[in-house]
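As structure tokens, the structure follows; a few thoughts come after it.
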Amino acid sequence: NQLNILLYCILTCLNVFFPNLDFSWSTELEQNLKDVFQLSTFRPLQLKAINLSMSGKDLFLVMPTGRGKSLCYQLPAVCSEGFTLVVTPLVSLMEDQLMYLKSIDVEAVSLNASSSKEHAKMVLAEMTDSKAPFKLLYVTPEKIAKSKLLMSRLEKAYNAGRLSRIAVDEVHCCSQWGHDFRPDYKLLGILKRQFPKVPLLGLTATATGSVLKDCQKILCVPEPITLTASFNRTNLYYEVRLKDSNSDDSVSDISALIKERYKDQSGIVYVFSQKDAETVSADLQGKGVNASPYHANMNPEDKSQVHRKWATNKIQVVVATVAFGMGIDKADVRFVIHHTISKSIENYYQESGRAGRDDKPADCIVYFGFNDIFRISTMVVMENVGQQKLLTMVDYCQNVDRCRRSVIAVHFDEVWDDEGCNEMCDVCHYITVDITQHAKDVVQIVELAGSLDEKLTPLKVTEAWMGKGPAKRRKMIQTTTLSRLEVEAIITSLLLQGYLSEDFSFTPYTTYFYLKLGGKAPLLKNQSHSITMKMRRTGLDANTVSTTQQTVQESFRQEAFGCISRD
Ligand SMILES: Nc1ncnc2c1ncn2[C@H]1C[C@H](O)[C@@H](COP(=O)(O)OP(=O)(O)OP(=O)(O)O)O1
């Protein structure tokens, strides 16, 4: 008997690592892939994940958005006895999946807060009925947490051998360290504790190693296998454009891009707030772009109408907050433009990743503005590690010395070298500038304010340095002739490098962001200490860098700095 088990394990391992070898279920899988799902081949890692799950292993599958995670539990569900329990965070996601499964004749049902009593009764009864036709049961985590009746039915189904698999979609929602923590996910450990023999499949597009470790603990999965597909979306071109807070012409820039570079092509413009969704959309419409707003505060019919019209190319561009997210599955999105930076790299990767799902080239452009940093900063002030994550996004935008892909890769514990980028990002050539004297000037302004018992917002520091403060104060500091954009870039760099740091202050109505001296500020007293910063490249071709940027960058290069070296 032990020999049999050993042989079984060896064969399983062989088959897992050589997914072409035949399992007892392989023929049926292939058949259903073609006949039911109408797909001809598996995408990378799909077959491996399915074989592991079919052999009863617990598995975390980390795969970029749109690469086909759902097939990894839908196909096994069709090829197994009983049903698969799928935990999904949003009812809209659930409905999309049910619609899709219905269209390919796979029986699936759902239970959520809006299910009618009759429907719930029927589903609960069918769970233990061996003749029940459904292969997938979709539930929200709230249902698991709150419905004792559901748990008792699941237990009966488990004892009758009808609960074949558990899939936890968006599994990163379990962890507070993930970007989308949902309290009810914390209670899902009950599933593995009550049904230890049922294989669990956790799916996510965004979890880092530490988030997955946390999910493993929360879900009580003893030793899951983790499969991670590469996150390098080689068809996506990454670019950062500067937003001038003095005269923000980003909307004109965006409308020019849409009308010229992306003429008749589908895309998304992400904005910071519901108000921005309305105003940016109206501005774009005013400039002749076929755009519509989308945000959480719209009524459900309007939202689904915008979504439907966009999906069928009746609207070219959706100007949306992040509420336009989960469940967006349009293959031919050619551009995702961020009018304002995302609150973390993980969020940015996910949002921009809605471009190019059909594997054809698509652009991901973010507009980076100095003031936006502080708008978002006060928004995420209550979040664990919110500031830290925001600064990684700022670093991505401010960064000009590493390929954008390599900056993203770090966040997914991957290494993508410049070759993996294949010049599909705007950072290729750069210049290094010495900002030591500038840093001393800025630090002196902040120091002076401190000695006068004053606090300075980033705006006040900017203006003081540019000589716009009170006349008396101007005499006490070294002002600059640099442009506002240059001044903002240097202050941001000093914040990122630790010469300045953030100092929050709360009032009953709002949260203020002030600048104070950072841990590295004292180093500037040392004569031999120098600081450099890299500067974004000047336009290699007129198509990739806007006119405003070229002018600013030229002046930045020629006038601002005595010491310029080219790498
Ligand atoms: N093997 C395949 N061959 C061709 N298309 C496939 C294959 N597998 C899946 N797809 C298609 C089906 C969908 O239209 C699209 C995205 O699949 P889906 O399962 O929704 O992605 P996902 O779950 O990884 O994305 P998200 O993270 O956005 O939910 O890919």
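Subtracting the Cα-Cα distance of E107 and A296 from their residue separation scaled by 0.36 nm leaves 64.9 nm.
FRET efficiency for the pair E463 and T378, taken as 1/(1 + (r/R0)^6) with r the Cβ-Cβ distance and R0 = 30 Å, rounds to 0.95. What you get for segment 315-440, charging only the Cβ of Lys and Arg (+1) and of Asp and Glu (-1), is a dipole of about 520 debye around the Cα centre. Distance between the C-alpha centres of segment 123-156 and segment 304-362: 34 Å, rounded to the whole angstrom.
How much of the accessible area of the chain, probe 1.4 Å, is carbon plus sulfur, in whole percent?
Numbers: 13480 of 25930 Å².
The value for the chain is 52 percent carbon and sulfur by accessible area.
Each peptide in 153-162, 276-285 receives the mean, over its residues, of other Cβ atoms within 10 Å, and ordering these scores from highest gives 276-285, 153-162. Take Q194, project a point 7 Å from its Cα along the Cβ direction, then tell me which residues of segment 123-151 have their backbone nitrogen under 12 Å from it. Within reach of a label on Q194: 143-151. Treating r as the C-beta distance of E414 and K360 and R0 as 30 Å, the FRET efficiency rounds to 0.85. Helix 209-218 versus the longest principal axis of the chain: what angle, 0 to 90°, nearest 10, using Cα atoms? Value to nearest ten degrees: 40. Note on K303: lysines with a C-alpha under 17 Å away, same-chain residues under 8 apart excluded, are K275, K314, K330.
Each residue of segment 123-140 was assigned a 3J(HN,Hα) from its phi angle through the Karplus curve 6.51 cos²θ - 1.76 cosθ + 1.60 (θ = phi - 60°); the sequence is 4, 4, 5, 6, 4, 9, 8, 5, 8, 4, x, 6, 9, 9, 10, 8, 9, 8 Hz, with glycine and proline shown as x.
Against the main long axis of the alpha-carbon atoms of the chain, helix 386-398 sits at an angle near 60°. Taking amide H as placed 1.01 Å from N in the peptide plane, Y237 has its amide H under 5 Å from the amide H of A362, D363, C364, each at least 5 places away in sequence or on another chain.
With both bridge residues required to lie in the chain, what share of the DSSP beta bridges run antiparallel, to the nearest 5%? Display every interim value, and only then the final one.
Values: 15 of 65 bridges.
Here the antiparallel bridges make up roughly 25 percent for the chain.
In a fully extended conformation the segment linking T436 and V385 would gain 15.4 nm over its present Cα-Cα distance, using 0.36 nm per residue.
Each residue, R473 and A331, gets one label point 7 Å from its Cα in the Cβ direction; the gap between the two is 5.9 nm.
Holding the Cα-Cα limit at 25 Å, pick out from K287/K360; K389/K516; K143/K192; K192/K213; K69/K143 the pairs that are longer than that. Cα-Cα > 25 Å for K287/K360; rest within.
How large is the translational diffusion coefficient of segment 15-228 in µm² per second when you combine the Kirkwood radius over alpha carbon pairs with Stokes-Einstein at 4 °C and 1.567 mPa s?
Working: Rh = 17.3 Å.
Answer from the Stokes-Einstein relation: 75 µm²/s.
Using alpha carbons only, how many degrees (0 to 90, rounded to 10) separate the axis of helix 91-103 from the longest principal axis of the chain? That works out to roughly 50 degrees.
Length available on full extension from L448 to D395: 0.36 nm per residue minus the Cα-Cα distance, which gives 16.3 nm.
With +1 on each Lys and Arg Cβ and -1 on each Asp and Glu Cβ, how big is the dipole of the chain about its Cα centre, in debye rounded to the nearest 20?
Working: 65 positive and 65 negative charges, 207 e Å.
Dipole about the Cα centre, nearest 20: 1000 debye.
Judged by the mean number of other Cβ atoms found within 10 Å, the most tightly packed of the peptides 64-74, 451-461 leads the ranking 64-74, 451-461. Over all other residues within a Cβ to Cβ distance under 11 Å of G66, the charged ones net out to +4, with Lys and Arg as +1 and Asp and Glu as -1. Calculated accessible area for segment 15-228 comes out at 44 Å² per residue, all protein chains present (probe 1.4 Å; ligands, DNA, RNA ignored). Legend: distances between Cα atoms for K259/K309; K48/K309; K121/K156; K135/K197; pairs beyond 25 Å are K48/K309.
The orientation-averaged shadow of the Cα convex hull for segment 241-426, equal to a quarter of the hull surface, comes to 10.9 nm².
Taking packing as the residue-averaged number of other Cβ atoms within 10 angstrom, the listed peptides 41-54, 376-389, 305-318 run from highest to lowest as 41-54, 305-318, 376-389.
The values are calculated or read from the model by the stated rules, or taken from the named source; none is laboratory data. On a predicted model such as this, the values are computed, not experimentally measured, just so you know. Counting neighbours? That spans all protein chains shown, and the Cβs are built from the backbone with ideal geometry, glycine included. All accessible areas refer to the heavy atoms of the entire protein, side chains included, with ligands and DNA or RNA removed. Shrake-Rupley method; radii C 1.70, N 1.55, O 1.52, S 1.80 Å.
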